[in-house]
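J.: One structure follows; several queries about it will come next.
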Amino acid sequence: MNEAVFISDLHLHPNEPEITQRFVDFITWAKQNTQALYILGDFFHVWVGDDLIADFEISIAKQLLELHALNIPVYFMPGNRDFLLGDKFLKLAKMHLLPDPCVLSLKGIRIFLTHGDAYCLHDKAHQFLRRLTRPTLLKSIFLAFPKTIRASIVHRVRNLSRDKKINTNSHHQKYQVVKEKLFQDMQKHQVNHVIYGHVHHPQHNQHLWKNRHINEFILSDWEQNPHFVYYNVNKGLILSLFFNGDVNN
């Protein structure tokens, strides 16, 4: 049995049934294979307020409740797409909110957890938008807009995101984490292991930085070859591919 499993960037949306089915299959696997689930942001492709929860979101909450019924806690860290997810859905799905970043202490290990977008410092447009949208007051102002206006804004953002994905190379340095800043923050917390998502390129890298050994795990999106990280007290941290309801280390 694994002590914890970490996922991110599922981008769940009612128009993406294949990804939803992968998530359902994953929940079936998780029931038998982990003691806790950590979702590190962009769980939903878009989130414009808890007052717009519909059948699709309720169906996802029911999947998470199946873990809760087995005493498997689910922890959620907001990403850049679902940072407006609020108390109503958290309570509906029985999820526990995590700050970004945070340090997790498991049996024999401490792990630095972040969604990752805060460290993509070369993406100036995104950092500006992040500063503009994250303060509590500004979030409250946006949530005060009529539902139809919020839904329209999110629909346009979804289309822009699709076009950006088609027309840009996401491997470009602009869209990558600035590791110097990330490692500095890890050093402050005296942590050598980090897990994050956002950049969608699953990797396990080992770095030697200022005489510190850094163990870096990058999570994937779930469009084609979803990867996740699990922690087993006997094996350590492992990056794994999930397919057809099973894992491949």
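J.: Can you give me the number of residues within segment 27-51 that are surrounded by 14 or more Cβ atoms within 10 Å (Cβ to Cβ), touching a Gly at 6+ places or on another chain (Cβ under 8 Å) and closer than 16 Å to residue 74 by Cβ?
T.: 5
J.: Please specify each residue of segment 35-64 satisfying the condition of being in contact with an Asp or Glu (Cβ under 6 Å, 6 or more places away or on another chain), of a type in the set (A, V, I, L, M, F, W, C) and in a loop (DSSP other than H, G, I, E, B). If you could, list the steps in order and put the result at the bottom.
T.: Within segment 35-64, the subset in contact with an Asp or Glu (Cβ under 6 Å, 6 or more places away or on another chain) is 35, 42-44, 47.
Filter once more, so that each one left must be of a type in the set (A, V, I, L, M, F, W, C): 43-44, 47.
43, 47 - these are the residues of segment 35-64 that are in contact with an Asp or Glu (Cβ under 6 Å, 6 or more places away or on another chain), of a type in the set (A, V, I, L, M, F, W, C) and in a loop (DSSP other than H, G, I, E, B).
J.: When you scan segment 55-87, how many residues do you find that are basic (Lys, Arg) and more than 23 Å from residue 104 (Cβ to Cβ)? If you could, list the steps in order and put the result at the bottom.
T.: At the first step, the residues of segment 55-87 found to be basic (Lys, Arg) are 62, 81.
Then drop every residue that is not more than 23 Å from residue 104 (Cβ to Cβ), which leaves 62.
The qualifying residues number 1.
J.: Which of (1) surrounded by 16 or more Cβ atoms within 10 Å (Cβ to Cβ); (2) among the hydrophobic types (A, V, I, L, M, F, W, C); (3) over 16 Å from the mean Cα position of the chain (by Cα) is the odd one out, the single condition residue 54 does not satisfy?
T.: Only one criterion in (1) surrounded by 16 or more Cβ atoms within 10 Å (Cβ to Cβ); (2) among the hydrophobic types (A, V, I, L, M, F, W, C); (3) over 16 Å from the mean Cα position of the chain (by Cα) is unmet by residue 54, namely (1).
J.: Here's a check for you: in segment 10-26, which residue that is charged (D, E, K, R) and out of contact with any Gly (no Cβ under 7 Å at 6 or more places or on another chain) is surrounded by the most Cβ atoms within 10 Å (Cβ to Cβ)? Walk me through it before giving the result.
T.: The initial filter retains those residues of segment 10-26 that are charged (D, E, K, R), namely 16, 18, 22, 25.
Checking the rest, the ones that are also out of contact with any Gly (no Cβ under 7 Å at 6 or more places or on another chain) come to 16, 18, 22.
Values: 16: 16, 18: 10, 22: 21.
Residue satisfying both the conditions and the ranking: 22.
J.: Out of (1) at pLDDT below 95; (2) assigned to a loop (DSSP other than H, G, I, E, B), the odd one out for residue 164 is which?
T.: Unmet for residue 164, out of (1) at pLDDT below 95; (2) assigned to a loop (DSSP other than H, G, I, E, B): (2).
J.: For residue 194, work out the one condition from (1) modelled with pLDDT of 95 or more; (2) in a loop (DSSP other than H, G, I, E, B) it doesn't fulfil.
T.: (2)
J.: Here's something else I'd like to know. Do any residues in segment 65-79 that are over 14 Å from residue 91 (Cβ atoms) and part of a helix (DSSP H, G or I) have Cβ atoms under 7 Å from those of residues that are modelled with pLDDT of 95 or more and of a type outside the set (Ser, Thr, Tyr), where the two are at least six apart or on different chains, and which pairs are they?
T.: Once the first residue is over 14 Å from residue 91 (Cβ atoms) and part of a helix (DSSP H, G or I) and sits in segment 65-79, its partners that are modelled with pLDDT of 95 or more and of a type outside the set (Ser, Thr, Tyr) give 66/27; 66/31; 67/27; 67/30; 67/31; 67/37; 67/74.
J.: Oh, and also: Identify, by number, the condition in (1) without any contact (Cβ under 8 Å) to a residue 24 or more places away in the chain; (2) closer than 21 Å to residue 49 by Cα; (3) polar (S, T, N, Q) that residue 105 doesn't meet.
T.: (2)
J.: On to the next question. Find all pairs meeting these conditions: Cβ atoms under 7 angstrom apart; at least six residues apart or on different chains; first residue within segment 35-48 and farther than 7 Å from residue 7 by Cβ; second residue surrounded by fewer than 22 Cβ atoms within 10 Å (Cβ to Cβ) and among the small types (Gly, Ala, Ser).
T.: Pairs found: 48/151.
J.: Where residues in segment 57-78 are surrounded by 14 or more Cβ atoms within 10 Å (Cβ to Cβ) and charged (D, E, K, R), which of them is farthest from the chain's Cα centre (by Cα)?
T.: The residue in question is 66.
J.: Looking only at strands (runs of 3 or more DSSP E) that lie completely in segment 199-249, which have at least 1 residues being within 22 Å of residue 80 (Cα to Cα) and modelled with pLDDT of 90 or more?
T.: Values: elements: 203-209, 212-218, 227-232, 236-243, 246-248.
The qualifying strands (runs of 3 or more DSSP E) are 203-209, 212-218, 227-232.
J.: Moving on to the next point. Take the residues in segment 104-135 that are aliphatic (A, V, I, L, M), buried (at least 17 other Cβ atoms within 10 Å of the Cβ) and in contact with a Leu (Cβ under 8 Å, 6 or more places away or on another chain), then tell me which one is modelled with the lowest pLDDT.
T.: My answer is 109.
The values are calculated or read from the model by the stated rules, or taken from the named source; none is laboratory data. Computed from a prediction, not measured in an experiment: that's the story for all the values here. Neighbour counts run over all protein chains shown; Cβ positions are idealised from the backbone, glycine included.
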